[in-house]
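Just so it is clear, none of the values below were taken in a lab; they were calculated from the coordinates. Owing to the predicted nature of the structure, the values given are computational and were not obtained by experimental measurement. Here Cβ is always computed from backbone atoms with ideal geometry, including for glycine, and neighbour counts include all displayed protein chains.
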Amino acid sequence: MTDKLIIFDTTLRDGEQSPGASMTKEEKLRIARQLEKLGVDVIEAGFAAASPGDAEAIHSIAKVIERSTVCSLARASEKDVRAAGEAIKPAKHGRIHTFIATSPIHMQHKLRMTEDQVVERAVQAVKWAREYTDDVEFSAEDAVRSDMDFLVRIFDEVIKAGATTLNVPDTVGYSIPVLWGEIFKQLIARVRVPNSDKVIWSTHCHNDLGMASANSLAAVMNGARQLECTINGLGERAGNAALEEVVMAVKTRRDIFTCDTRIDTTQIVPTSKLVSSITGYPVQPNKSIVGANAFAHESGIHQDGVLKHRETYEIMRAEDVGWGANKLSLGKLSGRNAFRTRLQELGIVLENEDMLNAAFARFKELADRKSEIFDEDIQALVSDEGVMHVSEHFRLVSMRAHSETGTLPQAQVTLSVGGKEQQAEAQRGGPVDATFQAIEQIVHSGTELLLYSVNNITSGTDAQGEVTVRLAKGGRVVNGLGADTDIVVASAKAYLNALNKLDTGADRAHPQV
């Protein structure tokens, strides 16, 4: 018999803390549906007390998710816990995840509380959470730098108060596998109050030293049975343990791990691509499992070996994690009902007929310019702000860019700003630069461009280009996304998408665990 390893995905909460990765409610719903399709056991949908928008997103996710547990984070305060409780009320399976810092440096400098006060607050938070659900998780923030005796004490007390999952976070990515495994071995051996044998021990690791996945797996080998992670390793600073890495490690090395997950691994790559598209964080080509080069063989020796016997150089099959699943789905002759059906199959739900009509119009326009349309193309066009949010302050009406050898590139753009059309043109060192300058002549945003990146959505010379633009203003950072077969047009869309996010305040700050 193998134990069940619970996969707790925090892409929608911890992953959203990546600079500029804030998501709208509709985007969170799309990812949540895909996470359920993937087979994730627990979806941490957000931090309800962060903003009314976050609470609304959690509430909306709780209403539509059937099989996965929907969880909200909460600091150890009555206001936070009750906000979380209200947000998860519609869930068939709901969880409150409350936390407080336990390391001396955090207790002294951040909380300014004694150990007794921290324990008292933790116990009270668990009791408040139990008023809403029997599924309560408690985290000892910065456990990696906490005193072992104090960790045992606080975990003893929260179990008595009703906590059912105990999370041990490496909040700052400080540990290494051999030490992280030893921490779990000691905690499980020393926490011995009534019901301690029934709690689930959980690991939550950050990647500051590049060992988040390795640390997580070391914890599993020493008794942890819940693993907290994100798609593509997205998250605060250097990110979190990557779901695709830990799941495939457990599956591939069944000779070592005495547990298994219920993840449908064929959904890993589609989920990775969806999260990348929505957050604007491209996946590096050499990223394990989900990178474009993960199953590519350049060396002649490797190619020869794979052709003779695949397992000479491949420890897993590309199709097992979803590569090759971006099937040709629709063409220019496809009708509206076929388009609607494919959206439903992809877990995309448009709220009204106007949104469906806008998406279908963009699909037909794309089909005239691109011979083959894949699932990723559909995801990209639905991610367009003009489809998901009909009202935009800044909208691209038309543009023209010209570049010729020996002359300075120029661009002319026409924008709708608050419903009124304005036009500007500029010359710069490149057509994209000229386009951005022309836009700025109209909007005068005062933003700083932090990142500009281009990726192809599918293969082929007629593939859509997906552009990410990261803008900063007044301490706020947002990612803008744009997709088009014309990369300069995609760039303009991305820039305006970022400006619209800044205009609507579509960014939030979450606490760190």
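Odds and ends about this structure:
- Given +1 at the Cβ of Lys and Arg, -1 at the Cβ of Asp and Glu and no other charges, the dipole of segment 328-386 around its Cα centre is 300 debye to the nearest 20.
- Under 5 Å between amide hydrogens, built in the peptide plane, is the criterion, and for His206 it picks out Asp170, Gly173 among residues at least 5 positions away or on other chains.
- Charge dipole of segment 1-66 about the Cα centre (unit charges at C-beta), most positive-ward option of Gly15, His59, Phe47: His59
- Where chymotrypsin sites (Phe, Trp or Tyr not before Pro) fall in DSSP loop in segment 1-102, at most 16 other Cβ within 10 Å: none
- Bridging of Lys89 to aspartates and glutamates at a Cα separation below 15 Å is possible for Glu44, Asp54, Glu56, Glu66, Asp80, Glu131, Asp134, Asp135, once same-chain residues fewer than 8 apart are set aside.
- Per-residue extension of 0.36 nm, minus the Cα-Cα distance of Ile442 and Asp264, leaves a gain of 59.3 nm for this segment.
- Between segment 336-386 and segment 178-230, the C-alpha centres lie 42 angstrom from each other.
- The phi torsions of segment 76-81, fed into the Karplus equation with coefficients 6.51, -1.76 and 1.60 and a -60° offset, translate into couplings of 7, 9, 4, 4, 5, 5 Hz, rounded to whole numbers, with Gly and Pro shown as x.
- Taking 0.36 nm per residue of separation and subtracting the Cα-Cα distance, full extension of the segment from Thr405 to Ser459 would add 16.7 nm.
- Distance (nanometres) between label positions extended 7 Å along Cα→Cβ at Glu115 and Ile256: 3.5 nm
- 3J(HN,Hα) from dihedral phi, segment 465-474, Karplus parametrisation 6.51/-1.76/1.60, rounded to Hz, x for glycine, proline: x, 10, 10, 10, 10, 10, 10, 10, 7, x
- Centroid-to-centroid separation of segment 274-292 and segment 393-470 [C-alpha atoms, Å]: 24 Å
- Applying 1/(1 + (r/R0)^6) with R0 = 60 Å to the Cβ-Cβ distance of Glu182 and Glu351 gives a FRET efficiency near 0.75.
- Chain lengthening between Ile315 and Arg190 when straightened (0.36 nm per residue, less Cα-Cα): 41.2 nm
- Taking packing as the residue-averaged number of other Cβ atoms within 10 angstrom, the listed peptides 472-478, 267-273 run from highest to lowest as 267-273, 472-478.
- A simple packing score, the average count of other Cβ atoms within 10 Å per residue, orders the peptides 412-424, 25-37, 226-238 as 226-238, 25-37, 412-424, with the highest score first.
- Proximal lysines to Lys332, defined as alpha-carbon separation beneath 24 angstrom and excluding residues fewer than eight positions away on the same chain: Lys273, Lys364, Lys370, Lys493
- In nm, spacing of pseudo-spin labels at Asn286 and Leu451 (7 Å Cα→C-beta vector): 1.9 nm
- Residue-averaged [θ]222 nm for the chain, counting only DSSP H segments that reach four residues, each worth -39500 (n - 2.57): -11500 deg cm²/dmol
- Point-to-point label distance, Asp3-Arg237, nm (Cα→Cβ direction, 7 Å offset): 2.8 nm
- In order along segment 60-67, the Karplus-derived 3J(HN,Hα) couplings, from 6.51 cos²θ - 1.76 cosθ + 1.60 at θ = phi - 60°, round to 5, 5, 4, 6, 9, 7, 9, 9 Hz, and Gly and Pro are given as x.
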